[in-house]
Amino acid sequence: MLKRLNPPQILVVSFLCAILVGTVLLSMPFATQSGKRAPLIDSLFTATSATCVTGLIVRDTGSYFSTFGKLVIFILFQMGGLGIMTFSTLFAVFLGRKLTIRDDLVIQKTMAPNKVQNLTTLIKYIIFITLGIEFLGAACLALRWARLVDWPLGKILINSVFHSVSAFCNAGFSLFSTSFASFLGDTYINLTMILLIIIGGIGFIVILEVPRLARRKPFYHVSIQTKVALSISFGLIAIGALLFFLIEQNNTMSGFSAKEKVLGSVFQSVTTRTAGFNTLNIGSLATPTLCFFVFLMFIGASPGSTGGGIKTCTFGVLLATAFSMLKNRDRVSLFKKTIPKEVVRKALVVVFLALGWIFIAVVLLTFAEHNKAAFLDNFFLRILFEVVSAFGTVGLSTGITSTLSAAGKMIIIVTMFTGRVGPLTLALAIALQHEKMAYTYPEEKIMIG
């Protein structure tokens, strides 16, 4: 049966299988600390959130799930972060099996928008870089917590490994009920988490090219994808931090020290695009901040990364396309490189499908949760925030996730899955074949605007 599936369909099936297995395991009585079975909808929600590295929760991870349940969640977001097919292909490589053309296609769909030479070597780089960064992150967190808190060594190691992997995979799962709010003013922990999130969300192709930036004229030696990903990513981080600081300094951060305000602003700007951790109460943020966060979550991380969203490069191509149209140019260019029309069309399709699904999900969720509208402030904005957070696999919430009805949870589950697999990949998976037209119709202009 698998032989009849094309690469996008295999990716979809792989994620569905991981979610199904995770749901079954989390439904076991020994997966919870109380020894009682978790409701099936909650197990499905948690398994989907973990596999799709989202971080939205309906049950507190640290207090509700047992050690076994936490281990299942940990494995799911580690597998989801790197991609199910990447893992299976990696294990096959280490066992000595050669990659087939079909394997190559699957990995390219998962990790990179362009063809990659020597995929076997690339996958080995990915696994070693991932484990290396996660190990360093865990070591940094462990060393800090050993001095900062009075925890047993076992608890320090578990928390360090769990949060390091969660941060690098941009999963947003935390064993702390208030995420990282207790460490708002700790520069060491904030910077460690920020670096893990950025590295995990920048994309493996970019990571492999980072050493080239040490040369003279660094941008001359890297690909256009790296240039766009880095430029858009750090631009959004800077703008997000500045706006957050200006809007929230006398609101959520009122009474904080200057250091806490700066750390809080930068941390939330970084984590909002895809990671889902928080050091401040998201539900108490001002309306302008929540609106801008929706924008950041929609863009998300970079291609080939552990994060979601429409991706930074897609946003960059859209900006370049709009600029070219305003200049009345017949080509789209970035960093003195012409962007192929095929790439521009794909970017437009991704955004169109993303906006389309978000609109449908918001309408459905508004209908499913209409009974909350009377007593919930900014009801529509909270619903929109929840949907975009799920689609962008971010995991931030204004506090309504655990109060959703069964229908509302199912809508968010489907949205998380759609956002992780990707609207374009999902559309390609549904399509049975690529239609090539052997003819063209006569042209005729139509009024726009």
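If only residues of segment 155-183 that are touching a Phe, Trp or Tyr at 6+ places or on another chain (Cβ under 8 Å) and not in a helix (DSSP H, G or I) are counted, the one that is surrounded by the most Cβ atoms within 10 Å (Cβ to Cβ) is Ala171. Of these, Leu280, Leu296, Leu326, Leu318, which one is under 21 Å from Met253 (Cα atoms) and out of contact with any Lys or Arg (no Cβ under 9 Å at 6 or more places or on another chain)? Checking each option against the conditions leaves just Leu280.
Look at (1) in a helix (DSSP H, G or I); (2) under 25 Å from the mean Cα position of the chain (by Cα); (3) not aromatic (Phe, Trp, Tyr) and you find that Ala301 fails only one, number (1).
In the set (1) outside any helix (DSSP H, G or I); (2) at pLDDT 95 or above, Lys98 fails one condition alone, (2).
Are any of the residues in segment 247-254 in a helix (DSSP H, G or I), β-branched (Val, Ile, Thr) and touching a residue at least 60 places away in the same chain (Cβ under 8 Å)? Among the residues of segment 247-254, not one is in a helix (DSSP H, G or I), β-branched (Val, Ile, Thr) and touching a residue at least 60 places away in the same chain (Cβ under 8 Å), which makes the answer no.
The rows are residues; the columns are (1) among the basic types (Lys, Arg); (2) over 18 Å from Asn278 (Cα atoms); (3) at pLDDT 90 or above; (4) in contact with a Cys (Cβ under 6 Å, 6 or more places away or on another chain).
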position: Ile107; (1), (2), (3), (4): no, yes, no, no
position: Pro113; (1), (2), (3), (4): no, yes, no, no
position: Phe128; (1), (2), (3), (4): no, yes, no, no
position: Gly132; (1), (2), (3), (4): no, yes, yes, no
position: Leu136; (1), (2), (3), (4): no, yes, yes, no
position: Leu143; (1), (2), (3), (4): no, yes, yes, no
position: Phe176; (1), (2), (3), (4): no, no, yes, no
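Can you confirm whether Lys337 is among the charged types (D, E, K, R), surrounded by fewer than 20 Cβ atoms within 10 Å (Cβ to Cβ) and touching a helix residue (DSSP H, G or I) at 6+ places or on another chain (Cβ under 6 Å)? Yes. For Ser43, the conditions (1) touching a Leu at 6+ places or on another chain (Cβ under 8 Å); (2) surrounded by fewer than 23 Cβ atoms within 10 Å (Cβ to Cβ) all hold with the exception of (2). The single condition among (1) touching a Gly at 6+ places or on another chain (Cβ under 8 Å); (2) modelled with pLDDT of 95 or more that Ile412 does not meet is (1).
For Arg4, are the conditions met, namely being over 22 Å from Ser166 (Cβ atoms), touching a Pro at 6+ places or on another chain (Cβ under 6 Å), at pLDDT 60 or above and not hydrophobic (A, V, I, L, M, F, W, C)? No: the conditions fail for Arg4. Within segment 335-354, being among the charged types (D, E, K, R) and in a helix (DSSP H, G or I) holds for Lys341, Glu342, Arg345, Lys346.
The values are calculated or read from the model by the stated rules, or taken from the named source; none is laboratory data. As the structure is a computational prediction, the values presented were derived from the model and not from experiment. Cβ atoms come from the backbone with ideal geometry, glycine included; neighbour counts cover every protein chain shown.
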